[in-house]
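The values are calculated or read from the model by the stated rules, or taken from the named source; none is laboratory data. Keep in mind it's a predicted model, so treat the numbers as computed, not measured. We work out accessible area using only protein heavy atoms, side chains counted, and drop any ligands, DNA or RNA first. Shrake-Rupley method; radii C 1.70, N 1.55, O 1.52, S 1.80 Å.
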Amino acid sequence: MTLDTSSQTRPTHGTIESVDVLVVGYGPVGAALAALLGRYGVSTLVIDKADDILMSPRAIALDNEALRILQATGLADDAFDRIVIPQVRMLCPHVGLFGRVNTRGDIDGHPKLVTFYQPDLERALRALVASHASVRTWLATEMIGFVDEGDCVTVALRESGGRERTVRARYLIGADGAGSQVRKAIGQGFTGQTYAEDWLIVDARNVPGDFDHVEFICDSQRPTPHMVAPGGRTRWEFMLRPGETREQME
Ligand SMILES: Cc1cc2nc3c(=O)[nH]c(=O)nc-3n(C[C@H](O)[C@H](O)[C@H](O)COP(=O)(O)OP(=O)(O)OC[C@H]3O[C@@H](n4cnc5c(N)ncnc54)[C@H](O)[C@@H]3O)c2cc1C
């Protein structure tokens, strides 16, 4: 296990640690929540089974509502790079440009649409969390189960080295992503529908040209969102057809 803040004394092996809130998962949701809780001085422990931020390209766009939540955590506007998107265009291979959404301007002081690089945001949130004395962070530590005791939750954790430990929390938060074990355990499903297709996501750097917006290439055979992102990045997302693999596309 890696302790990434040194603000608190670590429990000795065999003791049961108590906190008000145990957040399982230190992705953007867990990190934003930990920053909010830290801002209010709530005794919090955040754990993640990974030992660092996941570097694969993922979320790329945020709207004004999301930016407002990040503002509420105390994150400074310049804590992570973003590009304000002036318009979203819809194109079709047969008729060309057929739709345009004007995304210029602000709502409640925040741009309507920005692109960003998820690892930058996560790094900024983690730095903010580390500034709060009431929040501890244990990485390389997996939640392996929990028992609802009524007035608290007893949670079993396992460090990557195999050592097991127990934490008692007044509240347990499942911020453990799309395959959330916490959600499954409490019978909380995801509503809505999703698509079966896989997508190939390509983040390229230093692509020539002055492309500055988001476009959706509405080709029924190969729908392709395309957008500019910070750090000199351009992203394409390609829907894969049945039988196609990432390796074939490369
Ligand atoms: C290709 C792609 C493009 C995307 N584009 C966008 C976008 O444009 N805009 C947008 O808003 N979103 C986008 N998303 C989604 C976005 O990346 C995710 O919604 C976001 O990462 C979810 O954050 P999270 O904190 O809920 O979960 P995650 O980032 O998945 O974090 C969950 C964390 O929980 C940890 N964990 C899981 N189980 C345990 C356990 N038992 N014990 C301890 N730790 C555990 C994991 O290690 C992980 O670090 C995209 C996703 C992908 C894949």
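Data for the structure
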{"item": "Accessible solvent surface per residue of segment 15-166, calculated while the other protein chains remain in place, 1.4 angstrom probe, Å²", "result": "47"}
{"item": "For segment 216-240 versus segment 80-97, the gap between their alpha-carbon centres in whole angstrom", "result": "9"}
{"item": "Accessible area of the chain belonging to carbon and sulfur atoms, whole % at 1.4 Å probe", "result": "51"}
{"item": "Calculated Rg and Dmax of segment 148-191 using C-alpha coordinates, Å", "result": "12.0, 36"}
{"item": "Alpha carbon convex hull of segment 9-151, volume per residue in cubic angstrom", "result": "168"}
{"item": "Top of Phe211, Phe146, Phe98 by mean-square fluctuation, Gaussian network on the chain, Cα under 10 Å", "result": "Phe98"}
{"item": "Fraction of alpha-carbon pairs over 16 Å apart in segment 146-232 - percent", "result": "74"}
{"item": "Most mobile listed residue (Leu240, Leu62, Leu113) in the chain, GNM with C-alpha springs under 10 Å", "result": "Leu240"}
{"item": "Listed residues Trp236, Trp138 arranged by accessible area, highest first, probe 1.4 Å", "result": "Trp236, Trp138"}
{"item": "Equivalent ellipsoid, the chain (semi-axes from 5 times Cα gyration tensor eigenvalues, Å)", "result": "38, 21, 16"}
